[in-house]
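Below: one structure, written as structure tokens.
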Amino acid sequence: MRKYELVCILQPDLDETAVNSALDRVKGWVSDAGGSVDKVDMWGKRRMAYVIRKQRDGQYALLNITLPAKATADLERNLRFLETVIRYMLTSVAA
């Protein structure tokens with residue numbers, strides 16, 4: 001099991017329940033893969049450096065997760081197809 005940081009940029013026009021629903025789906029994928037979500041930190045709505053999918057702003061969320069190394073490909077595939085996620089970045093945390 002390795003520790004990862006997952007930063008998700010969600011669509012800016014989502015309300016709080018839609019954001020929580022999207023994050024719950026991500027948490028479900030992590031737990032289904034045998035991992036755990038250690039911490040969720042909502043950064044809120046921020047201006048992005050450049051336009052992505054015709055959006056200038058995004059709602060940022062940081063998730064600290066523990067996940068088996070083989071499960072990262074499935075998690076990234078699921079994130080790619082989740083419409084509410086504009087962009088994501090999964091990085092390994094050095095222990």
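Since every read-out is calculated from the coordinates, none of them should be taken as a lab result. Quick caveat, the model's predicted, so the values are computed rather than measured. Neighbour counts are summed over all protein chains in view; Cβ atoms, including those assigned to glycine, are modelled from backbone coordinates with ideal geometry.
If you take all C-alpha pairs in the chain, what percent of them are over 15 Å apart?
Details: 2559 of 4465 pairs.
Considering the chain, 57 percent of its Cα-Cα pairs are separated by more than 15 Å.
With springs connecting C-alpha atoms under 10 Å apart, model the chain as a Gaussian network and identify which of GLY58, GLY35, GLY44 has the largest mean-square fluctuation.
Comparing GLY58, GLY35, GLY44 in the GNM, the peak value goes to GLY44.
Against the longest alpha carbon principal axis of the chain, how many degrees, from 0 to 90 and to the nearest 10, is the axis of helix 16-32 turned?
Between the helix axis and the principal axis of the chain, the angle is about 20 degrees.
With springs only between Cα atoms under 10 Å apart, run a GNM on the chain and tell me which of VAL51, VAL37, VAL26 wobbles the most.
Of VAL51, VAL37, VAL26, the most mobile in the Gaussian network model is VAL51.
May I ask for the angle, rounded to the nearest 10°, between helix 72-81 and the longest principal axis of the chain, with both axes built from Cα atoms and the value confined to 0 to 90°?
That helix lies at roughly 20 degrees to the long axis.
Measure off 7 Å from each Cα along the Cα-to-Cβ vector at VAL51 and ASN20, then give the distance between these two points in nanometres to one decimal.
About 3.4 nm separates the two model spin labels.
Rounded, prolate or oblate: which fits region 53-95, taking a ≥ b ≥ c as square roots of the Cα gyration tensor eigenvalues, rounded meaning a/c under 1.5, else prolate when a/b beats b/c? Before the final figure, lay out each step's value.
Details: a/c = 3.05, a/b = 1.63, b/c = 1.87.
Since a/c reaches 1.5 but b/c is at least a/b, the shape of region 53-95 is classed as oblate.
Go through the chain and name the GluC sites (Glu not before Pro) that are in a DSSP coil and have 10 or fewer other Cβ atoms within 10 Å of their Cβ. It would help to have the intermediate numbers written out before the result.
On the way: sites: GLU5, GLU16, GLU76, GLU83; in loops: GLU83.
Here the sparse-neighbourhood loop sites are GLU83.
Counting only pairs 8 or more places apart or on different chains, how many lysine pairs in region 2-92 have C-alpha atoms closer than 29 Å?
Final tally of qualifying lysine pairs is 10.
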